[in-house]
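**Student:** Take a look at the following structure, please.
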Amino acid sequence: MTAKRSAGLLLYRVRADGPEVLLAHMGGPLWARRDAGAWSVPKGEYVPPEEARDAARREFEEELGIPPPDGPYLPLGDARQSGGKVVTVWAVESDLDPERIVPGTFEMEWPRGSGATRSFPEIDRVAWFTPAQAADRVVKGQRVFLERLAERLDGGAP
């Protein structure tokens, strides 16, 4: 069986005191009271032949409700998550205002076993974090993308 695949965009901006990254807090009742490990790169699943970068742009718009930024996309590569899914991420410099997001929604039975279906936001908020703050909040399997971005920025790239 082929592993599921997701693709996403990690926005970053460089401030006088260093870089910051934009993370999305996962929506829905399962994540509502969590902070550590409850943030993610805005991303979503895709199935080839759709190209990963096209999926990353599409998912950004679906999850945040605004078009993805233009600009050079820095490939941060792939990472296999604990559940087996392979995530591919690009970094792109942008200064998105978190107040602009209009998240997409999903439906699920809640409370579980109730038979009632409710709608929840895909993400309930986005925020800018320093790399150290982001490492404490992001899903463990995505920390590698923060490390790769830091290497790119420290090495003079982009």
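**Student:** Convex hull over the alpha-carbon atoms of the chain: what's its volume per residue in Å³?
**Tutor:** Convex hull volume per residue, Cα atoms: 126 Å³.
**Student:** Only helical DSSP H runs with n ≥ 4 go in: add -39500 (n - 2.57) per run for the chain, normalise by residue count and round the 222 nm mean residue ellipticity to 500 deg cm²/dmol.
**Tutor:** Theoretical 222 nm ellipticity from helices: -6000 deg cm²/dmol.
**Student:** Taking the Cα atoms only, what angle lies between the long axis of helix 143-154 and the longest principal axis of the chain, rounded to 10 degrees?
**Tutor:** The answer is roughly 20 degrees.
**Student:** I've got another one for you. How charged is the neighbourhood of Ala127? Take every other residue with its Cβ under 12 Å from the Cβ of Ala127, and add Lys/Arg as +1 and Asp/Glu as -1.
**Tutor:** In short, -3.
**Student:** Something else about it: Once the Cα atoms of helix 52-64 and of the chain are each reduced to a long axis, what angle between those two axes, in degrees from 0 to 90 to the nearest 10, is obtained?
**Tutor:** 60 degrees
**Student:** Then there's this: In the stretch 23-85, what GluC sites (Glu not before Pro) fall in a loop by DSSP, with at most 14 other Cβ atoms inside 10 Å?
**Tutor:** The qualifying sites are Glu50, Glu51.
**Student:** I need to check one value: relative contact order of the stretch 1-131, counting alpha carbon pairs closer than 8 Å and at least 6 residues apart, in percent.
**Tutor:** In percent, rounded to a whole number, it is 34.
**Student:** For the residue pair Arg80 and Asp97, what label-to-label distance in nm results when each label sits 7 Å from Cα along the Cα-to-beta-carbon direction?
**Tutor:** Label at Arg80, label at Asp97, 4.4 nm between them.
**Student:** Say each of Arg13 and Ala127 gets a label point 7 Å from the Cα, pointing the same way as Cα to Cβ; how far apart are those two points in nm?
**Tutor:** 1.6 nm
**Student:** Same structure, new question: On the principal axes of its Cα set, how long, how wide and how thick is the stretch 16-95? Give whole Å, largest value first.
**Tutor:** 39, 35, 24
**Student:** Also: FRET efficiency for Asp35 and Trp110, Cβ-Cβ distance as r, R0 = 30 Å, nearest 0.05?
**Tutor:** The computed FRET efficiency comes out at 0.90.
**Student:** Right, something else. Using protein chains only and a probe of 1.4 angstrom, how many square angstrom of Leu146 are accessible, to the nearest 10?
**Tutor:** Roughly 20 Å² of Leu146 is accessible to a 1.4 Å probe.
**Student:** Taking all protein chains together and a probe of 1.4 Å, list Asp78, Asp136 from the most accessible to the least accessible.
**Tutor:** Asp136, Asp78
**Student:** Could you run the Debye sum over the Cα atoms of the stretch 109-158, one equal point scatterer each and no solvent, and tell me log10 of I(q)/I(0) at q = 0.22 Å⁻¹, two decimals?
**Tutor:** The Cα Debye sum returns log10 ratios of -0.86.
**Student:** Could you tell me what percent of the DSSP beta bridges with both partners in the chain are antiparallel, to the nearest 5?
**Tutor:** Expressed as a percentage, antiparallel bridges in the chain total about 75.
The values are calculated or read from the model by the stated rules, or taken from the named source; none is laboratory data. Small disclaimer: the values here were computed from a predicted structure and weren't measured. Cβ coordinates were reconstructed from backbone atoms using ideal geometry, including for glycine residues, and neighbour counts include every protein chain displayed. SASA here: full protein model, heavy atoms, side chains in, ligands and nucleic acids out. Shrake-Rupley method; radii C 1.70, N 1.55, O 1.52, S 1.80 Å.
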